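Down below is the structure, laid out as structure tokens.
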Amino acid sequence: MDRILYTAMSGARQSMEQQSVVSHNLSNVDTVGFRAQLHAMRAVPVQGDGALPTRVSVAASTPGADFAPGPMNRTGRALDVAMEGDAWLAVQAADGTEAYTRRGDLQVDSDGLVTSVGRPVIGEGGPIQVPLGAQLSVGSDGTLSAIAQGQGPDALVAVGRLKLVTPGEAGVVRGNDGLFRAPPGGEGAPAALPADDEARLVSGALEGSNVGAVDAMVSMIDVARRYEMQTKVISTADENAQRANSLLSLS
């Protein structure tokens, strides 16, 4: 009887965690550049003093994120950029480290700092700052150009270049803040990836989330039914145990 309880209990717990992942993906179905989080489960033997061949539990095995590209939507806004291929935009995280995102709806704050969702966008020499009130445009290679307020097109000057990186086989890892970083280096801290001069972007467009609303809803229903099934197994096992105890007491 214990094998049923161990399997169903651990399975129910992991189903709850999987439901939170699916809910998180569904809530970001309209988030620009969002990458769906993946969740998987695997069977592992129970460790410790109570280890028996009949006791197997379920453990989470999160493979990371779905890096499939999202749909590209034209906006016509000069500071909206969509990265092509495997390119990522470098930004400065809250802890000061370099992180990467596919979200390209750039803004300029009151100090002239170019940001992405409030995070400074990194250029060739650090965060990029532009003249206030200037008319901005972004080239396909990430070059940020500006025309000062009151000036004509002939006054167009380059004020910086967005740092674009291509992780390649090394890949990037999602952090708790939703940003991606390079795998930790020798000292355990995430390393900064080198800029890729060949990386390109599309100006006046945004990449949508790669989460499909219909698929996410189907997954949510599937996980909910799986959880119900596992809790029912736990209840059935408890009832069987009580009946067995009653029979033993009669004898």
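The values are calculated or read from the model by the stated rules, or taken from the named source; none is laboratory data. Bear in mind that the values here come from a model prediction, so they are computed numbers and not experimental data. Heads up, the Cβs are rebuilt from the backbone with ideal geometry, glycines too, and the neighbour counts pull from every protein chain shown.
What to note about this one:
- Only residues that are over 16 Å from the mean Cα position of the chain (by Cα) and free of Cβ contacts under 8 Å to residues at least 40 places away in the same chain were counted across region 86-118, and they come to 13.
- Filtered by the rule that a residue be part of a loop (DSSP other than H, G, I, E, B) and among the small types (G, A, S), region 67-95 gives A68, G70, G76, A78, G85, A87, A93, A94.
- Of all residues assigned to region 197-212, at least one qualifies as being under 24 Å from Q37 (Cβ atoms) and surrounded by fewer than 17 Cβ atoms within 10 Å (Cβ to Cβ).
- Annotation note: of M72, M41, M83, the sole residue that is at pLDDT below 80 and either under 30 Å from P190 (Cα atoms) or assigned by TED's automatic domain parsing to the domain that holds T115 (or both) is M41.
- Set G168, G142: member being loosely packed, with under 13 Cβ neighbours inside 10 Å, touching a residue at least 12 places away in the same chain (Cβ under 8 Å) and on the phi > 0 side of the Ramachandran plot: G168
- Restricted to region 225-243, and to residues there that are among the hydroxyl-bearing types (S, T, Y) and either surrounded by 15 or more Cβ atoms within 10 Å (Cβ to Cβ) or closer than 12 Å to M9 by Cα (or both), the residue that is nearest to the chain's Cα centre (by Cα) is Y227.
- Test: residue in region 65-81 that is closer than 30 Å to A213 by Cβ, in contact with an Asp or Glu (Cβ under 6 Å, 6 or more places away or on another chain) and small (G, A, S): yes
- Residue that is surrounded by the most Cβ atoms within 10 Å (Cβ to Cβ) [pool: residues in region 145-161 that are out of contact with any Leu (no Cβ under 6 Å at 6 or more places or on another chain) and at pLDDT 90 or above]: R161
- Sole exception among (1) in a strand (DSSP E or B); (2) out of contact with any Asp or Glu (no Cβ under 7 Å at 6 or more places or on another chain) for V223, by number: (1)
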